[in-house]
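Asks: One structure, as structure tokens, below. Some questions next.
The values are calculated or read from the model by the stated rules, or taken from the named source; none is laboratory data. What you are looking at is a predicted structure, and each value in this text was computed from that prediction instead of being measured. All Cβ positions, glycine included, derive from the backbone under ideal geometry; neighbour counts span all protein chains shown.
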Amino acid sequence: MTSLCATASDTWVMNSDGDFIWYDFNEKEKTARVTFKGNKTSSGRLDYINDITIPSTVEYEGKLYSVTSIGKYAFSDCDKLFNVTVPNSVTSIGRAAFNNCRELVGVNIPNNVTMIDDWTFSCCEKLSSIIIPNGVTSIGRAAFNNCGNLTEVVMPSDLTSIGQWAFRGCRRLKEVIIPWRVTTIDVEAFDYCDSLSSITVLNTTPPKLVRLNANGHRILGESVSVYVPAESVEKYKSAEGWKLANIKDLSQKAEKKALKVKNSADAGKAEFLTDFLMILLIITFVFVFLLLRKKNA
């Protein structure tokens, strides 16, 4: 992160919607970095709460600054923070910036961010889905560690590495698709993802698995199917680390999905036929009832 020679450190500015956000200002570059709320040496740490919208520019002492970064620990431990809107002017998000925001349900990662730093969203227990933009090339250590309600992660095509414990403890995560440019994956990246049953790896060359050890193969057990391109099945089966995995041809997954769709369609037809017969029976019953009533009259 660019070092900021601030004219004002940890200074608050009120947004148009009434939110108070604290910044470090860089007088020379006319940039601002969002920082923790309050001053560690004087007023103490104050929490951001509810919904926060970070502006793309902020005015301070008559000068306009572009908001280009969120500092490390800026929103850490704000356990009453629900949503954060981050502008596209932001190009970096610091280490543990949203760590332990247990009630955070929504946050966008701007398109100009190139990495998810260590512990950035660790222990964001209410976060259920995240879209990582295409500019991001690396996911750092424990970036989404213990996001217990995370069910969907969209990884970018530019991604090249996934760090240690990146998604550890994401117990509701069922499926992961790893883009084709990924060349390095820490074997502990998906530790304790109890619901994980499918990993799709699109790279035709097996990515390097780092930190291989006797206990480092939990994500590659028999319960997890690893789908890879058809032409690379044998490569994965003989690659270090991957050879312990349940490697399958990616086309098998496509066939399974097609069969699932077909079965769903057949089930829908059967349900429609059942409903139609029930309606026909009701109409017949009403018709007979009215006919008998008219006859008795």
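Asks: Can you work out which of the residues in the range 46-76 that are aromatic (F, W, Y) and part of a strand (DSSP E or B) is modelled with the highest pLDDT?
Replies: Only one residue tops the list, namely Y65.
Asks: Return the total of residues in the range 77-93 being part of a loop (DSSP other than H, G, I, E, B) and surrounded by fewer than 22 Cβ atoms within 10 Å (Cβ to Cβ).
Replies: 8
Asks: Could you list all residues from the range 1-45 that are at pLDDT below 70 and buried (at least 20 other Cβ atoms within 10 Å of the Cβ)?
Replies: Hit for the range 1-45 is L4, nothing else.
Asks: While we're on this one: I'd like to know if the range 192-214 contains one or more residues that are of a type in the set (D, E) and closer than 25 Å to F82 by Cβ.
Replies: No.
Asks: Under the condition of being in a loop (DSSP other than H, G, I, E, B) and among the small types (G, A, S), which residue from the range 94-130 is surrounded by the most Cβ atoms within 10 Å (Cβ to Cβ)? Lay out the reasoning, then the answer.
Replies: At the first step, the residues of the range 94-130 found to be in a loop (DSSP other than H, G, I, E, B) are 94-105, 108-114, 117-128.
Next cut, among the small types (G, A, S) only: 94, 96-97, 122, 128.
Values: G94: 21, A96: 22, A97: 26, S122: 23, S128: 15.
Selected residue: A97.
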